1. Just to check your reading of the model, which residue among Ser458, Ser413 is open to solvent by 60 Å² or more (accessible area, probe 1.4 Å), farther than 28 Å from Cys352 by Cα and more than 16 Å from ligand 3 (Cβ to nearest atom)?
2. For a quick check of your reading: which helices (runs of 4 or more DSSP H) sit entirely within segment 321-397 and have at least 3 residues that are open to solvent by less than 10 Å² (accessible area, probe 1.4 Å)?
3. Filter segment 306-345 down to the residues that are charged (D, E, K, R) and in contact (Cβ under 8 Å) with a residue 60 or more places away in the chain, then identify the one that is farthest from ligand 2 (Cβ to nearest atom).
4. Could you run through segment 233-257 and say how many residues are within 18 Å of Leu338 (Cα to Cα) and either modelled with pLDDT under 95 or among the aliphatic types (A, V, I, L, M) (or both)?
5. Would you say Ser391 is small (Gly, Ala, Ser), within 21 Å of Pro302 (Cβ to Cβ) and either touching a strand residue (DSSP E or B) at 6+ places or on another chain (Cβ under 6 Å) or in contact (Cβ under 8 Å) with a residue 40 or more places away in the chain (or both)?
6. Return the pair list, or none, for Cβ contacts closer than 6 Å from residues in segment 15-32 that are more than 16 Å from Ala86 (Cβ to Cβ) and open to solvent by 20 Å² or more (accessible area, probe 1.4 Å) to residues that are at pLDDT below 95 and aliphatic (A, V, I, L, M), at least 6 apart or on different chains.
7. Scan segment 434-451 for residues that are open to solvent by less than 10 Å² (accessible area, probe 1.4 Å) and assigned to a loop (DSSP other than H, G, I, E, B) and jot them down.
8. Would you mind listing the strands (runs of 3 or more DSSP E) fully within segment 214-292 where at least 3 residues are over 16 Å from Val475 (Cβ atoms)?
Amino acid sequence: MMQISFESKPLEQIAAGALIVPVFEGKKETRFGAAELADDGEVAGKALEFTLLHKPAGLAAQRVLLAGAGKPEKFNSGELRKLAAAAVRHLKGKSIKSIALLLEGELATADYASAAAEGALLGNYEPDSLKTGNDKKFADAFAVAAPDGDAALAAAVERGRILGESQNFARDLANQPANLLTPLKLAEAARQVGEAFGLSCEVLDREAMQKLGMGALLGVAQGSAEPPCLIVLRYWPAAEGSAIHLGLVGKGVTFDTGGISIKPADGMEKMKYDMSGGAAMIGAMRAIAQLKPAIPVTAFIPAVENMPGSRAQRPGDIVTAMSGKTIEVINTDAEGRLILADALTYARRQGCTHLVDAATLTGAIVVALGHLHVGLFSSDDALRDRVLAASKAEAERMWPMPLDDDYVEYLKSAFADLANVGGRWGGAVTAAKFLQEFAGETPWVHLDIAGTAYLDDSKPYMAKGPTGLPVRTLVRLAMDWR
Ligand code: BES
Ligand code: ZN
Ligand code: ZN
């Protein structure tokens with residue numbers, strides 16, 4: 001794993017294989033012999049333009065990487081996170097193992113220091129840990145170097161390390177194929193996080209869920225030989241008496257074949273990512289356990305595999321959810337909402353006052369928003385605004401979607417209280433509407449991450465595969481709660 005550190009040495013004394021120096025558009029860098037390059041137009045400061053200089057005179061660092069930061073007025077911590085990530089990816093491709101990033105002047109703030117550490121960790125991540133002999137392509141050490149930095153900056157770097165490592169932890173979980181990461185293996189991972197960082201972990205098995213009447217969740221699970229479970233991870237702050245109890249509910253479908261309403265073969269391998277919401281919740285709890293917000297937070301991850309087979313539920317089956325509502329399963333591929341229905345009910349009975357769920361729930365949200373924004377649905381304006389503020393600060397883009405009352409009519413069934421699908425139109429909204437029936441009066445936000453949980457192609461700042469969204473937003477939501 002990459003070592004993250006903070007240094008407040010003078011520029012000349014920063015030792016590294018490469019020192020990343022942000023260069024802005026319209027602000028000429030004249031040190032390191034860069035003036036000439038700027039005059040020639042080779043170094044213009046354009047976003048993510050990189051120029052590597054060897055043996056810079058008078059520096060302990062072996063190289064300087066001039067790293068284009070774009071226009072200064074557009075720059076923020078999100079841009080720096082991307083810049084650090086892309087620079088690390090650039091340098092590790094050249095087998096440079098020890099990297100530092102220079103934060104001076106206006107850039108020497110806690111937000112930037114944290115974002116730099118996060119970016120370095122996120123950029124160093126690769127999704128191919130199961131390729132033999134892939135261990136050569138990582139950087140070993142990353143230092144945030146702020147010559148005028150103080151203890152506050154050092155603490156921010158440490159926070160960034162925790163966030164970056166926890167987001168990568170979520171990415172690792174999401175990335176594991178379904179033969180290696182079954183529902184029980186996901187529970188084992190949550191247990192280990194609990195043990196390592198001091199969270200209590202409880203795993204409800206099939207029998208316990210039967211007793212609680214979780215017919216919607218168990219109906220999805222019945223087609224698979226892999227036993228289902230409901231993972232519960234609890235964080236409790238030292239100071240008691242909080243009126244708030246945040247519940248994080250994450251979809252944990254370790255593989256989604258679609259069940260009897262089976263999916264086409266093309267691209268089905270990506271359905272190993274269908275537990276990304278659950279992985280994000282475990283990753284967020286891993287950070288929350290270390291950063292210790294003032295409010296209690298409990299994560300609930302319904303974990304199942306959605307398979308066809310002689311035991312699988314059929315279209316037309318009617319199940320009774322834990323809330324008492326009956327559901328006609330029109331399409332067994334709309335399984336996420338079924339397992340989340342019971343998890344939301346359980347979270348409410350456990351005393352959660354506010355709920356946020358994250359789920360790779362619908363293809364329709366990808367049609368609506370592409371791969372750039374998480375679809376955000378909410379029954380409560382105040383909670384919606386909290387989540388949006390956190391997402392903005394963390395540069396995890398989210399877009400508010402509608403939830404008008406009359407969308408619920410799309411979910412009418414002739415035979416049960418609700419159908420599990422709402423027809424062709426507005427598929428992301430009707431899925432959210434279905435969940436709302438189970439969130440009830442509890443303030444609730446639903447995050448549809450089907451378009452943002454993984455990348456089909458790599459970006460300069462991130463490898464292809466799992467993104468770890470929205471771990472940082474969830475952690476900030478808990479940390480900033482007043
Ligand atoms: N896991 C899928 C949604 C999904 C699609 C995630 C694309 C990631 C990328 C979900 O369980 C599903 O199959 N949804 C169906 C719902 C439909 C049957 C109403 C869908 O979106 O097609
Ligand atoms: Zn499905
Ligand atoms: Zn699914």
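1. Step by step, each of Ser458, Ser413 is checked, and only Ser458 is open to solvent by 60 Å² or more (accessible area, probe 1.4 Å), farther than 28 Å from Cys352 by Cα and more than 16 Å from ligand 3 (Cβ to nearest atom).
2. Numbers: elements: 336-349, 363-369, 381-393.
Where helices (runs of 4 or more DSSP H) fall fully within segment 321-397 and carry at least 3 residues being open to solvent by less than 10 Å² (accessible area, probe 1.4 Å), they are 336-349, 381-393.
3. Going residue by residue through segment 306-345, those that are charged (D, E, K, R) are 311, 314, 317, 325, 328, 333, 335, 337, 342.
Pick out the ones that are also in contact (Cβ under 8 Å) with a residue 60 or more places away in the chain and you get 311, 317, 325, 328, 333, 335, 337, 342.
Details: Arg311: 18, Asp317: 15, Lys325: 20, Glu328: 16, Asp333: 4, Glu335: 5, Arg337: 9, Asp342: 16 Å.
Restricting to residues being charged (D, E, K, R) and in contact (Cβ under 8 Å) with a residue 60 or more places away in the chain, the top hit is Lys325.
4. 3
5. On the way: small (Gly, Ala, Ser): yes; within 21 Å of Pro302 (Cβ to Cβ): no; either touching a strand residue (DSSP E or B) at 6+ places or on another chain (Cβ under 6 Å) or in contact (Cβ under 8 Å) with a residue 40 or more places away in the chain (or both): yes.
For Ser391, the condition - small (Gly, Ala, Ser), within 21 Å of Pro302 (Cβ to Cβ) and either touching a strand residue (DSSP E or B) at 6+ places or on another chain (Cβ under 6 Å) or in contact (Cβ under 8 Å) with a residue 40 or more places away in the chain (or both) - is not met.
6. So the pair list comes out as Lys28/Ala38.
7. Start the filter on segment 434-451 by keeping residues that are open to solvent by less than 10 Å² (accessible area, probe 1.4 Å), which leaves 434-435, 438-439, 444-449, 451.
Ile449, Gly451, listed by residue number.
8. On the way: elements: 229-235, 246-250, 252-256.
Filter on segment 214-292 gives 229-235, 252-256.
The values are calculated or read from the model by the stated rules, or taken from the named source; none is laboratory data. Because the structure is predicted, anything quoted here is derived from the model rather than measured. No Cβ is skipped: glycine too gets one built from the backbone with ideal geometry, and neighbour counts run over all protein chains shown. Accessible surface is based on the protein model in full, side chains and every heavy atom, while ligands, DNA and RNA are left aside. Shrake-Rupley method; radii C 1.70, N 1.55, O 1.52, S 1.80 Å.
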